[in-house]
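What follows is a single structure, written as structure tokens, with notes after it.
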Amino acid sequence: MSGKEKEKVFLREATGLVREANWVDILIFAALNMSVGLSAWWLFLWGPYIAPGGNLYIGVLITLIMMIFGGLAWAFLASIVPRSGGEYVFNSRILHPILGLMSSWGWMVANFAWMGVLTAYIFDPGLTTTFHLVGMSEAAEFVVSPIGLIIGGTIVIIISVVIAILGLKAFRVFQIICFALGVIMFFAIWALFLAYSKADFINAWNNVAANYGSADYHTLMQQTSQYLESTYGIKAPVYQSWNVMGALPLLPVAGWGLIYPYLATYIAGETKRVERSMLLGIIGSLVFCAIAWWITTALLERIVGYDFLVATSYAYGDGLKCYALPFAPSYFGFAIMMAPTWLKWLIGIGFVAWVLYYFLYSVFPGARILLAWSFDRLAPAALGDVSERFHTPVKASIFIGVLGMIAVVWYALAPAYLASYIAMIPQIATCFMLTSIAAMIVPFRKKMRSVYEGSPVSKYKIGPIPLITISGIIYFILLATLLYYFITNPLYGGWNTTSLIVAAIAYITCVIYYISVKYYRKKKEGIDISLAFKELPPE
Amino acid sequence: MNVRIFFAADVHGSDVCFRKFLNAVKIYKVDVAILGGDLTGKLVIPVVRIGEKHYEADFANRRWTVKEGEELNKLLGLIRNSGFYPKIMDEGEYDRIKSDNSLIKKIFDEASVEIMKEWVKMAEEKLKNMGVQCYIMPGNDDSKIIDEVLEGSELIVNPDEKVLEIKGGFEMLSLGASNPTPWKTPREYTEEELERKLMSLLNHVKDPESAIFNIHVPPYKTLLDMAPLLDDELRVVTKGGRIVFVHVGSESVRRIIEKNQPLIGLHGHIHESKGVEKLGRTLCFNPGSEYGEGFLRGILINLEKGKVKNHLFTYG
């Protein structure tokens, strides 16, 4: 027996009274899922293209602030239902079982697309940029050919599935190596950008451009300026403005990374002082990511110039003749151009590392979701089998690997049909939006009221309104804004027949699947799966 | 004969979970309801009287100050639903108790017995004339002081350390104790002692292959027994930002199941390890527990012609 002084409680010897994971663990987990290095490439390539002149600092700041509320929504939900295992269970409880299924279904559909897209990013821009800039042109061309993507993708998938099967120990080692290499890449790039001058960069660029018959720095700037003015009416050179409205179209670009710290809530059940740890960890990871981007933005402005980022993004994005380099412009590529050979490899491998472990992040939770569905009789029992040898869901991991292979082949043969934003749409429209709604309404749901009031989250209020409700509303506004831009601005390339088909797949197949499985289980096995989430009266 | 069993475990003093357990009988149309161990709460929350009509308590990571009446009753209800025992006292009483372990034990024992009496009464009222068999078994966390309360019921059966025949003619072997834990809980035995107890119970089972083994602790090295690894100070060990999980089930339980191959194994104990796993032909279940959030995790099992027809995990 023991009595605690500070907190007036009396404990007795009973299982489960332990001190657990802290906010640092949460921060690492959340930061990894945002893949800071990969998202940075996206931000600096497509940010200046979609919103020329849009201030990257402000765009990231607005997304960061709104996403902090998104992070709060996830953190608070995880605090109220800490052993939830993510959105599947708390959306099932707070909203409806079918909506819980839909949120994880949307996640699976989105990750099907992600597995193809993300695997391709390892090779293009990752390996092809590095190979070209170290003089291995044949290898650089091979890795981006359809057969190269399929072979390379297969290797990545096999490695990922094997690691998933081997279990958490192998996963941790792999994750730490990748994260360390990725962080080293950032420090190497920042050191290079600080050590060299803009003149050094222009010289390096011109040397590389000359090898491929591409325009030199000043010619590219000049020709792109003429193109921008004649085609889009944009007067070049373009510099970052401090206009807040001009930065708003950057939200979907910055959101490409910043909306992904949620995965940390999956370990909420094992977290000490969960509401404090989640708040510090998730918000800390968001701030960490934003700071890394802001430092890179400042150094890119210094060494490359924002106007050149705009010029290369349009020259590459619109396929202008003045950009004849066989790889996409990238912040890490700019650094590689100036680096000695050994550092070129380190930076290239660092970028690949940011993408490589991200694929595994699709396999691990995907296998967990299939396991959960299997337990709830929503998926075949075989997918819930756990290997006696490895103690991991081998069949579910292999199944995810097969889905990944289909996505890789699809992307390799028809890359136009899958794009990152297409993957984001069903994820936002199902998994994330449903979660934001769950956060909004949880204090007011009769069946959840006592759970909410008994949780530490209930003490956070702004006036009479629960902070979780406010967080859910702001998170929903952010997600709706992203969808608004996807729908109304064709530059994102996310709203087209294919994306509509993908979104429809996420919704319609989910409903059809649930109804079919429910009918099958009832008819053939005599069990009603809707009982799984039926709320038992607490009176 | 077709039999529908509802099994839950580890409610740890949560009023709301116990009421849900009783309500599950009607909602799930259950023939046999089993609550498999760890019934009592882990914490007493002193609700300290300050001034004339105000009370103060530390609960859910915050300090509550409430007025006598509706506010106080609401707080007491929230504490009870979380599985903790509220105890109203004045500051002097609190100061006296906090440094006296024997008084703390006395409070726990009194609260456990009082709540268990309430539960038994509630069960007898709710399940009367429903034709359900209700088995409520203490687990390793439960002091032996509650056994007397359970044994005194006319409706509830405490199956601990017994072999009983349940509906459908199935034999049920039950044991609430566990192998050693880091907390040195009231009902723990060494693996050897546990095995001896199980072997002794097995002598009373006529047909092990069609029996139900209702054993609180899950078999070792399965999906059902994964818990966070703890260091010497009972802190969870993390590596690379992730919790390290280890198997903490019972080796003797595993050996007994593997050797005798009962129809099903019903387990609890490890809240994080919800799952189902086959050991040979035996389907072993652990529904997990979320008593602290007021959710009753359970498992519905339909037995038909001596076989498991189907099962479903529930989150009521």
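The values are calculated or read from the model by the stated rules, or taken from the named source; none is laboratory data. Because the structure is a prediction, the values reported are computed rather than measured. Because the Cβ atoms are built from the backbone with ideal geometry, glycine has one as well, and the counts that use them run over all protein chains shown. The area values use the complete protein model at the heavy-atom level, side chains included, leaving out ligands, DNA and RNA. Shrake-Rupley method; radii C 1.70, N 1.55, O 1.52, S 1.80 Å.
A quick yes/no check of all residues on (1) part of a helix (DSSP H, G or I); (2) open to solvent by 20 Å² or more (accessible area, probe 1.4 Å); (3) farther than 30 Å from residue A:158 by Cβ; (4) free of Cβ contacts under 8 Å to residues at least 60 places away in the same chain:
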site: A:308; (1), (2), (3), (4): yes, no, yes, no
site: A:312; (1), (2), (3), (4): yes, no, yes, no
site: A:320; (1), (2), (3), (4): no, yes, yes, no
site: A:336; (1), (2), (3), (4): yes, no, no, no
site: A:348; (1), (2), (3), (4): yes, no, no, no
site: A:356; (1), (2), (3), (4): yes, yes, no, no
site: A:361; (1), (2), (3), (4): yes, no, no, no
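Applying the criterion of being in contact with a strand residue (DSSP E or B) (Cβ under 8 Å, 6 or more places away or on another chain) and of a type in the set (A, V, I, L, M, F, W, C) to the residues of segment A:363-407, the residue that is farthest from residue A:158 (Cα to Cα) is A:375. Filter segment A:469-501 for residues that are within 18 Å of the chain's Cα centre (by Cα) and of a type in the set (A, V, I, L, M, F, W, C); which is nearest to residue A:440 (Cα to Cα)? Among those that are within 18 Å of the chain's Cα centre (by Cα) and of a type in the set (A, V, I, L, M, F, W, C), it is A:476. The set of residues in segment A:488-536 being open to solvent by 60 Å² or more (accessible area, probe 1.4 Å), at pLDDT below 85 and farther than 22 Å from residue B:299 by Cβ consists of A:490, A:491, A:495, A:497, A:500, A:501, A:505, A:507.
Suppose the filter is over 22 Å from residue B:269 (Cβ atoms) and at pLDDT 95 or above; does residue B:32 pass it? When the stated conditions are applied, residue B:32 does not pass them. Among the residues of this structure, residue A:491 does not count as one that is among the aliphatic types (A, V, I, L, M), over 19 Å from residue A:104 (Cα atoms) and out of contact with any helix residue (DSSP H, G or I) (no Cβ under 6 Å at 6 or more places or on another chain). Of all residues in segment B:1-27, those satisfying the criterion of being within 12 Å of chain A (Cβ to nearest Cβ), part of a strand (DSSP E or B) and farther than 18 Å from residue B:142 by Cα are B:4, B:6. Where helices (runs of 4 or more DSSP H) fall wholly inside segment A:110-210, the ranges with 1 or more residues that are within 14 Å of chain B (Cβ to nearest Cβ) and open to solvent by less than 50 Å² (accessible area, probe 1.4 Å) are A:146-166, A:168-195. Just one of the listed residues (A:248, A:300) is closer than 28 Å to residue A:66 by Cβ, touching a residue at least 40 places away in the same chain (Cβ under 8 Å), open to solvent by 10 Å² or more (accessible area, probe 1.4 Å) and not β-branched (Val, Ile, Thr), and it is A:248.
Do you know which residues across segment B:74-92 are more than 20 Å from residue B:116 (Cα to Cα) and either away from chain A (no Cβ under 12 Å) or in contact with a Lys or Arg (Cβ under 9 Å, 6 or more places away or on another chain) (or both)?
Listed by number, the residues that qualify are B:89, B:90, B:91, B:92.
Every condition in (1) in contact with a Cys (Cβ under 7 Å, 6 or more places away or on another chain); (2) open to solvent by 10 Å² or more (accessible area, probe 1.4 Å); (3) of a type in the set (S, T, N, Q) holds for residue A:103 except the one numbered (2). Going through (1) in contact (Cβ under 8 Å) with a residue 12 or more places away in the chain; (2) out of contact with any Ser or Thr (no Cβ under 8 Å at 6 or more places or on another chain); (3) within 25 Å of residue A:454 (Cβ to Cβ); (4) more than 10 Å from every other protein chain (Cβ to nearest Cβ) one by one, residue B:30 falls short only on (3). Only a single item in (1) among the aliphatic types (A, V, I, L, M); (2) crowded, with 24+ Cβ neighbours inside 10 Å; (3) modelled with pLDDT under 85; (4) farther than 18 Å from residue A:33 by Cβ is not met by residue A:267, and it is number (4). Count of segment B:72-92 residues, restricted to those that are surrounded by 15 or more Cβ atoms within 10 Å (Cβ to Cβ), out of contact with any strand residue (DSSP E or B) (no Cβ under 8 Å at 6 or more places or on another chain) and over 21 Å from residue B:141 (Cα atoms), is 1.
Quick test for you: out of A:246, A:182, A:255, pick the one residue that is farther than 25 Å from residue A:366 by Cα and out of contact with any Cys (no Cβ under 7 Å at 6 or more places or on another chain).
Answer to the check: A:246.
Of all residues in segment B:183-232, exactly one satisfies the criterion of being within 13 Å of chain A (Cβ to nearest Cβ), among the aromatic types (Phe, Trp, Tyr) and within 22 Å of residue B:143 (Cα to Cα), namely B:183. Scanning segment B:290-299 for residues that are at pLDDT 90 or above and more than 7 Å from chain A (Cβ to nearest Cβ), we see that the one that is farthest from residue B:256 (Cα to Cα) is B:297.
Suppose the filter is surrounded by 15 or more Cβ atoms within 10 Å (Cβ to Cβ), modelled with pLDDT of 90 or more and out of contact with any strand residue (DSSP E or B) (no Cβ under 9 Å at 6 or more places or on another chain); does residue A:422 pass it?
Considered against the rule, which asks whether it is surrounded by 15 or more Cβ atoms within 10 Å (Cβ to Cβ), modelled with pLDDT of 90 or more and out of contact with any strand residue (DSSP E or B) (no Cβ under 9 Å at 6 or more places or on another chain), residue A:422 comes out as no.
Of all the criteria given as (1) in a strand (DSSP E or B); (2) closer than 25 Å to residue A:460 by Cα; (3) not aliphatic (A, V, I, L, M), the one not satisfied by residue B:80 is (1). For segment B:43-66, the condition of being more than 8 Å from every other protein chain (Cβ to nearest Cβ), among the charged types (D, E, K, R) and within 21 Å of the chain's Cα centre (by Cα) holds for none of the residues. Of the residues making up segment B:108-117, none is at the interface with another protein chain (Cβ under 10 Å from one of its Cβ atoms), in a loop (DSSP other than H, G, I, E, B) and touching a Lys or Arg at 6+ places or on another chain (Cβ under 9 Å). Contact list please: Cβ distance under 7 Å, first residue in segment A:516-539 and more than 7 Å from chain B (Cβ to nearest Cβ), second residue in a loop (DSSP other than H, G, I, E, B) and open to solvent by less than 50 Å² (accessible area, probe 1.4 Å), pairs at least six apart or on different chains. So the pair list comes out as A:517/A:378; A:521/A:377; A:521/A:527; A:522/A:528.
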